[in-house]
1. For residues in the stretch 43-70 being open to solvent by 50 Å² or more (accessible area, probe 1.4 Å) and either among the β-branched types (Val, Ile, Thr) or more than 23 Å from the chain's Cα centre (by Cα) (or both), which is nearest to His28 (Cα to Cα)?
2. Taking the stretch 187-213, which residues are touching a strand residue (DSSP E or B) at 6+ places or on another chain (Cβ under 7 Å) and not in a loop (DSSP other than H, G, I, E, B)?
3. Return yes when Asp284 is modelled with pLDDT of 90 or more and open to solvent by less than 20 Å² (accessible area, probe 1.4 Å) and no when it is not.
4. Working only within the stretch 216-249, note down all residues that are surrounded by fewer than 24 Cβ atoms within 10 Å (Cβ to Cβ) and either assigned to a helix (DSSP H, G or I) or touching a Cys at 6+ places or on another chain (Cβ under 7 Å) (or both).
5. Would you tally the residues in the stretch 180-196 being under 19 Å from Asp284 (Cβ atoms) and either open to solvent by 10 Å² or more (accessible area, probe 1.4 Å) or of a type in the set (Phe, Trp, Tyr) (or both)?
6. From the list Ala275, Ala254, which one is of a type outside the set (D, E, K, R), under 23 Å from Leu156 (Cβ atoms), in contact with a helix residue (DSSP H, G or I) (Cβ under 6 Å, 6 or more places away or on another chain) and open to solvent by less than 40 Å² (accessible area, probe 1.4 Å)?
Amino acid sequence: MKKIFISAVFMAATAFPQLSFAWGADGHQSIGAVADNLLAGTKAGAQVKAILGNNTLEKVAVWGDCVKGIAPEKDFAYTSTGRYPECAPFETAAGIAAMADYVKRNNTACNPAFDEETCHKQYHYADVAIQHDQYKTGYVGTSDHDVVQAIRAAVLVLQGKAAPKPFSFKDKEEALALLVHYVGDIHQPLHVGSVFLNAEGKVIDPDSGEYDRGSNTVGGNALQCPCGNLHSLWDDVPFNYKRGKMNEALSKKAKAYAVAKAPLDQLPVLWANDAIRDARKLFDGTQFSKSTPNQRGNSWSIALPLEYEKTMSNLKDDALVRAGAHLTQILQAIWPE
């Protein structure tokens, strides 16, 4: 693979809200399918069946993204009918009403700033600088409603407890669908780790000195490339994993994976730490150079090192395996044998 030079425009967070879907439908459903396979015959598997009925973790894994088709500015109408095949099972009158109800309850309770997304969209990610070795509440890009906290909130509901504010998960079925999705999200490196750049395109630590909101590349969403943006490039799973083609192989790898032990509420922190580590790797060897400024913000070019495609494929494979193993782990921790 030749060295790749990608012309990229880094905008302020106001210009590029984090809209990308971690792993897309294929990745999220593969992660859910792995857990379905590994939980078969267990107490946790029986609990999942009792909550979801005829649905599976694989099927509901995309619900957290499907609800993004609800438009608050259009009186909470659903605007994505027929656009995403994976959302079709939820596009009944009752299903759309349920999605709208969820969005209404999780629209503005987190008091989003003028340049931030609606609350439920913020539940899917954090933006921790890659200079850090671990996720820590209080760092720039963390909040009381980021993906780590969203996983914790969903777990509490599944344990029969109330979710902390600003989360509003009405029942165990809703919480389980969201938990499956968030566990997938937290394993996509750019849903946790982010690069911050100053006006000259130099990588900076936003937690050292005064933080400039415009320096956040919002998990690669502000890095434009021919494919769309860097975040979208990382959302896509390797071709051989599409449409569930590798679920059996993923399940075998996930079953053999040695998960780290920790108290239940600390598991998402460990997974976030892994994601930051992976984000650091995916930016390793990249170079930023300033290009021609434009009216929307400063612009740079990003050069990716040789064999970046191979690095990306290996990191994605490992992350998908870990996600399936960790989803199984957390559900068995909620409902132990």
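1. Going through the qualifying residues, I end up with Thr56.
2. Across the stretch 187-213, the qualifying residues are Gly193, Ser194, Phe196, Leu197, Val203.
3. It is false that Asp284 is modelled with pLDDT of 90 or more and open to solvent by less than 20 Å² (accessible area, probe 1.4 Å).
4. Ser232, Leu233, Asp235, Phe239, Asn240, Tyr241, Lys242, Arg243, Gly244, Asn247, Glu248, Ala249
5. Count: 1.
6. Ala275
The values are calculated or read from the model by the stated rules, or taken from the named source; none is laboratory data. Since the model is a prediction, treat every value here as computed from it, not as a measurement. Every residue, glycine among them, receives a Cβ derived from its backbone with ideal geometry; neighbour counts consider all protein chains shown. Just the protein is used for accessible areas: all its heavy atoms, side chains included, with ligands, DNA and RNA removed. Shrake-Rupley method; radii C 1.70, N 1.55, O 1.52, S 1.80 Å.
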